[in-house]
Amino acid sequence: MEDTEKNTPLPSHVAIIMDGNGRWAEERKRPRLFGHKAGVDSVREIIETTRSLGIGYLTLYAFSTENWNRPAHEVSGLMNLLQRYLQSELETMLKNDIRLCCLGDPDRLPKEVRKTLVKTIDDTRACAGMTLNLALSYGGRSELVHAMQAMAEKCCRGDLAWENLTETTISDHLFTAGQPDPDLLIRTGGERRLSNFLLWQLSYAELYFTDVKWPDFRKDQFFKALETYQSRQRRFGRIVVHLDAE
Ligand code: FPP
């Protein structure tokens, strides 16, 4: 996996919908949380690989606004996994120069998880090697509503003139403000939909769907997705532009 002048560049930002943990566990006649636990190992491997490839941004859809409707024991199991993950990974994040950001509404998270999350975000604030976005209690439409409310408020206060509102203004009011849009979206687990994920930011992303369930999505699978991305031409609505000419 190279990012040389001859090759199509690697993406700057990869976003992943990590789907299939529950089915992976059910296939093994184990509880769904067993699948989520195995999914954490994939999370570690994909973060490590992303960092070692020099990809600057990785966004993982860890918990959607809709996921709050799952049975209480699954929600609390996922929150425990998240809490343990954040506690155990801080040292590795600092060592590997990884900055953690949260996309979503952390106020809905249990107090202890929120505390650990805020501390990890603060402690890694100066890290510049890679940005890891965890989408937690995240919904794309709700992110857009949040951005529109913030812009409307500025218009009412006189801090923003409606006629000066541009695509950049909208991007600047999203949770991903200041970050490049994802070039590549990967969804594991066989479904072929966006499920309310990064609706604005994914406008021009290449989409890669695989039947592989998240706990089985490891380094080799990730390379395959990146190679597929590199084999595609991104035209952004124009006629013919080779990636290495952009
Ligand atoms: C979707 O699988 C996955 C989730 C809702 C949670 C993803 C969480 C993890 C990978 C582990 C925790 C994350 C971190 C960052 C520590 P699903 O349960 O919908 O699977 P199914 O479609 O097979 O039911």
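The values are calculated or read from the model by the stated rules, or taken from the named source; none is laboratory data. Computed from a prediction, not measured in an experiment: that's the story for all the values here. Note that each Cβ is placed from the backbone with ideal geometry, even for glycine, and that neighbours are counted across all protein chains shown.
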message: Quick check on G140: is it within 13 Å of the ligand (Cβ to nearest atom), of a type in the set (G, A, S), surrounded by 20 or more Cβ atoms within 10 Å (Cβ to Cβ) and farther than 21 Å from P215 by Cα?
response: no
- request: With the condition kept exactly as written, say whether any residue in segment 143-154 is within 16 Å of the ligand (Cβ to nearest atom) and under 15 Å from Y61 (Cβ atoms).
  value: no
- request: Check off (1) free of Cβ contacts under 8 Å to residues at least 40 places away in the same chain; (2) farther than 25 Å from L78 by Cβ; (3) within 21 Å of the chain's Cα centre (by Cα); (4) surrounded by fewer than 16 Cβ atoms within 10 Å (Cβ to Cβ) for G129 and give me the number that stays unchecked.
  value: (1)
message: If I filter segment 46-67 down to residues being near the ligand (Cβ under 9 Å from one of its atoms) and of a type in the set (G, A, S), which single residue comes out as nearest to L81 (Cα to Cα)?
response: A62
- request: Would you mind finding the one in T59, T124 that is touching a residue at least 60 places away in the same chain (Cβ under 8 Å), of a type in the set (S, T, Y) and surrounded by 15 or more Cβ atoms within 10 Å (Cβ to Cβ)?
  value: T59
- prompt: outside any loop (DSSP other than H, G, I, E, B) and loosely packed, with under 13 Cβ neighbours inside 10 Å - does that describe any residue in segment 168-189?
  reply: yes
query: Hey, among the residues in segment 16-45 that are more than 10 Å from the ligand (Cβ to nearest atom) and of a type outside the set (D, E, K, R), which one's surrounded by the most Cβ atoms within 10 Å (Cβ to Cβ)?
result: F34
message: Suppose we filter N21, N7 for residues that are modelled with pLDDT under 95 and of a type outside the set (D, E); which single one remains?
response: N7
query: If you check every pair at least six apart or on different chains, which have Cβ atoms under 6 Å apart with a residue in segment 193-214 that is closer than 15 Å to T59 by Cβ and within 13 Å of the ligand (Cβ to nearest atom) first and a residue that is among the hydrophobic types (A, V, I, L, M, F, W, C) and part of a loop (DSSP other than H, G, I, E, B) second?
result: W214/M18
- prompt: Among S231, S142, which is out of contact with any His (no Cβ under 8 Å at 6 or more places or on another chain), modelled with pLDDT under 95 and among the polar types (S, T, N, Q)?
  reply: S231
message: Criterion first (among the polar types (S, T, N, Q), in contact with a Phe, Trp or Tyr (Cβ under 6 Å, 6 or more places away or on another chain) and within 13 Å of the ligand (Cβ to nearest atom)) does S88 satisfy it?
response: no
statement: Exactly one of L243, L165, L202 is surrounded by 13 or more Cβ atoms within 10 Å (Cβ to Cβ) and modelled with pLDDT under 95, and that residue is L243
